[in-house]
1. Just give me a number: lysine pairs in the range B:129-286, eight or more positions apart or cross-chain, with C-alpha atoms less than 20 Å apart.
2. In Å, what Kirkwood hydrodynamic radius results for the range A:92-200 from the alpha-carbon pair distances?
3. Using the 10 angstrom Cβ neighbour count as an exposure proxy, how do A:Lys102, A:Lys117 rank, fewest first?
4. For chain B, what D do you get in µm² per second when you plug the Kirkwood radius from alpha-carbon pairs into Stokes-Einstein at 10 °C and 1.306 mPa s?
5. Would you work out which of A:Asn149, A:Val174, A:Gln126 lies farthest towards the positive end of the dipole of the range A:99-174, given +1 charges on the beta-carbon of Lys and Arg and -1 on that of Asp and Glu, about the Cα centre?
6. Whole percent per 5 Å bin, from 0 to the bin with the longest distance: what is P(r) over all C-alpha pairs of the range A:1-95?
7. What list of ³J(HN,Hα) values in whole Hz, one per residue of the range A:212-226 in order, does the Karplus curve 6.51 cos²θ - 1.76 cosθ + 1.60 (θ = phi - 60°) give from phi, with Gly and Pro shown as x?
8. Using a Gaussian network model on chain A with a 10 Å cutoff between Cα atoms, which of A:Thr175, A:Thr152, A:Thr217 fluctuates the most?
Amino acid sequence: MKVLVTVKRVIDPYVKVRVKSDGSGVETANIKMTMNPFCEIAVEQAVRMKEAGVVTEIVVVSVGAMQSQETLRTAMAMGADRGILVDAGVDIEPLAVAKLLKAIIQKENPQLVITGKQAIDDDSNQTGQMISALMGWPQATFISNITVNGDTADVTREIDGGLEKLTIKLPAVVTSDLRLNEPRYVTLPNIMKAKKKPMEVIKPDALGVDVTPRLKTLKVQEPPSRSAGVKVADVKELVAKLRNEARVI
Amino acid sequence: MAVLVLAEHDGKQLKPGVTNLLTAAAKLGDVTVLVAGTQASEAAQAAAKVAGVKKVLLTEAPIYEGSAAENLAALVLTIAEQYSHILGPASAYGKNVLPRVAASLDVQQISEISAVESADTFVRPTYAGNAMATVQSSDRIKVITVRATAFDPAGEQAAAPVENLAPGPDLGLTQFKGAELSKSERPELTAARIIVSGGRGMGSAENFKLIEALADKLGAAVGASRAAVDSGFMPNEYQVGQTGKIVAPELYIAIGISGAIQHLAGMKDSKVIVAINKDAEAPIFSVASYWLVDDLFKAVPELTQELSA
Ligand SMILES: Cc1cc2nc3c(=O)[nH]c(=O)nc-3n(C[C@H](O)[C@H](O)[C@H](O)COP(=O)(O)OP(=O)(O)OC[C@H]3O[C@@H](n4cnc5c(N)ncnc54)[C@H](O)[C@@H]3O)c2cc1C
Ligand SMILES: Nc1ncnc2c1ncn2[C@@H]1O[C@H](COP(=O)(O)O)[C@@H](O)[C@H]1O
């Protein structure tokens, strides 16, 4: 079966994000970018399913600026077969991304779509669910396991109280949680091979999707900072502070 | 304005956080609460008694077993057009259902708001809480998930009316196969007044007994960093952070946790933070109210002991 995986280019999770002084957003100039970690997990899952003989073709799709081609190349170095960039510029909202991806899905007809559970820049946690709703497909969010059995899949989801097991009909959308797998490192030979894999670039207009934002960002601010704490010498002092100063125990 | 709240519950009670969500909802207009499940009448009665609730809609049907995102979203859609705002918790439950509702209504969901500025303007954390964005929505219906820790819980009132709402369609897309829910005598992580969390520094699942003993002494919930969960020391539902649970207890004690931004994202709004770490440079100290540089295997038993004195 064919799998479609969505990948987003984001600021590296280990970079300290700084809010611009004019409050218009966060600093992105000269900042290390990378594939959203949940998307790496999604790609890894598809590659493992291909290695296991369950999947025949992996298409990776990204919506963003031209630089997102690098992210698609990384996914191809991990083992994806081909890449599609929807060149929509920057700051596309999840609803618009989901509509663009729906248009691609209708052309590609995958049996399974894997997205990350959350993009670590906007922290929206919406896109997979939205694609699934627009397609009228089943969804399984926050999965830590998936096994395909013909035209259904058994999945385990990470929920607030523990784990949930579902059987979903295919085609479906699933979103990856952290413990689905541990993504592989890309190797130099595979990076070289990925350069030769096909990459298509499409404009949103060609897909007939209106990407006008629905949300206007009025300002972006630093969170309130905490007042400086005190170092205590030992456990006795800690307990005394908690009892008499903070009065929390 | 008419506000619909999708309430999360366990059949009998509302989940912690729903009363906080109702505080946010009451700022926006007259609140109707939808309580749906296989059995939900007790939870609906509980919802009717939360201050600010004008009406409760109760829907009971087998098709709402488990998370049932597709069927729940379809149920919400049967009444969605009557409301200006549709709110749910920013929990695994709300995050599962509401984006489906939003996409079906062709609106852009506003995720995990931490403040209500006006009927169309909200504050939400982005980049693991490092950038607070104020956003204004132009959509005709605002679909919103709410970060519980950012709002105080609503009080009580004389019960509002509870009405039955007919089940929505059964889309038959997924089949619930069961859940493995953790059972614990300790308070629930998102509702606890005190949380004791352990990280990779704990070294093993066995060593988490030290955390549990301290938690029991304090009547606290237990939490964990991602590294502790990934290492198999604790199950996934204990993870605190950007991609785990967001907590803001009165007291959060972080033990053997370095303080990566993804962990801080889940706990830095706690009132008092205590950090115990043997590394004097650990970033967790930057958010700590009180910090102790010490070996946890010495300090934690000592702390448990000292609290018994
Ligand atoms: C996409 C993404 C999402 C993430 N989401 C989350 C999340 O939701 N929650 C989360 O927690 N993390 C999350 N992380 C992981 C995060 O970046 C860190 O890797 C993680 O929080 C580290 O956990 P830790 O502090 O337990 O481990 P470490 O960073 O290894 O720290 C262990 C600490 O224990 C101390 N220590 C060791 N032994 C002792 C001892 N004997 N006595 C005292 N101190 C000791 C060490 O000094 C060290 O500071 C995420 C990462 C990514 C990329
Ligand atoms: N611009 C994008 N391009 C490709 N995939 C995306 C994009 N935005 C979101 N996604 C996918 O949807 C997931 C969830 O993102 P979000 O809903 O923004 O938190 C991500 O992990 C991606 O897999």
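Nothing in this text is a laboratory measurement; each read-out follows from the coordinates by a stated rule. Keep in mind it's a predicted model, so treat the numbers as computed, not measured. Counting neighbours? That spans all protein chains shown, and the Cβs are built from the backbone with ideal geometry, glycine included.
1. On the way: B:Lys183/B:Lys209; B:Lys183/B:Lys217; B:Lys183/B:Lys245; B:Lys209/B:Lys217; B:Lys209/B:Lys278; B:Lys217/B:Lys271; B:Lys245/B:Lys268; B:Lys245/B:Lys271.
Total qualifying Lys-Lys pairs in the range B:129-286 comes to 8.
2. On the way: mean 1/r = 0.0655 Å⁻¹.
For the range A:92-200, inverting the mean 1/r across all distinct Cα pairs yields 15.3 Å.
3. Values: A:Lys102 19, A:Lys117 27.
Fewest to most other Cβ atoms nearby, the residues stand as A:Lys102, A:Lys117.
4. Translational diffusion coefficient: 78 µm²/s.
5. Highest projection toward the positive end goes to A:Asn149.
6. Here the calculated profile for the range A:1-95 is 3, 13, 22, 21, 17, 11, 6, 4, 2, 1, 0.
7. 4, x, 9, 10, 10, 7, 7, 7, 10, 10, 5, x, x, 8, 7
8. Among A:Thr175, A:Thr152, A:Thr217, the largest mean-square fluctuation in the Gaussian network model of chain A belongs to A:Thr217.
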